[in-house]
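Have a look at the structure below before the remarks.
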Amino acid sequence: QVQLVESGGGLVQAGGSLRLSCAASGSIFNIGAMGWYRQAPGKQRELVATISPGGNNYYADSVKGRVTISRDNAKNTVYLQIYSLKPEDTGVYYCRVTRAGVDYWGKGTLVTVSS
């Protein structure tokens, strides 16, 4: 089992930035891809960004150019830096980690962007 704990969410004004963190614990050897998803009120959960163990990343078109995903394999932590926040970035941000073909999810951290 892998446990994930997200942090770093909060209330921020439009144009600001946030850095989200997600720390993995438990059976953390051979962790594969790590990623961030978000779910806006009344909408489905959507992919924001992913990063492979080797550092290859993918960004959704909606955030490309405003988001940087990174990981520290020694700390089993994945980060999401979001710049130039917009009200439409508001939502609960979830961390997902894949290990041995199983996906694990955190409970999420709320990001609220005020206009």
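The values are calculated or read from the model by the stated rules, or taken from the named source; none is laboratory data. Model, not experiment: these values are computed from the prediction. Neighbour counts run over all protein chains shown; Cβ positions are idealised from the backbone, glycine included. Just the protein is used for accessible areas: all its heavy atoms, side chains included, with ligands, DNA and RNA removed. Shrake-Rupley method; radii C 1.70, N 1.55, O 1.52, S 1.80 Å.
Some observations on this one:
- Alpha-carbon Debye profile of segment 46-97, log10 I(q)/I(0) at 0.15, 0.18, 0.27, 0.30 Å⁻¹: -0.41, -0.59, -1.21, -1.40
- Relative contact order for segment 1-77: 24 percent, from Cα pairs under 8 Å spaced at least 6 residues apart, divided by residue count.
- Quotient of Cα Rg and 2.2 N^0.38 Å for the chain, N being how many residues it contains: 1.00
- The chain, accessible surface, carbon-and-sulfur percent (1.4 angstrom probe): 49
- Nitroxide proxy distance, nm - points 7 Å out along Cα→Cβ at Ala100 and Ser25: 2.0
- Sum of side-chain charges, Gly91 neighbourhood, beta-carbon under 12 Å (Lys, Arg +1; Asp, Glu -1): +1
- Computed FRET value (nearest 0.05) for Gln13 with Lys107, which takes r as the C-beta separation and R₀ as 22 Å: 0.30
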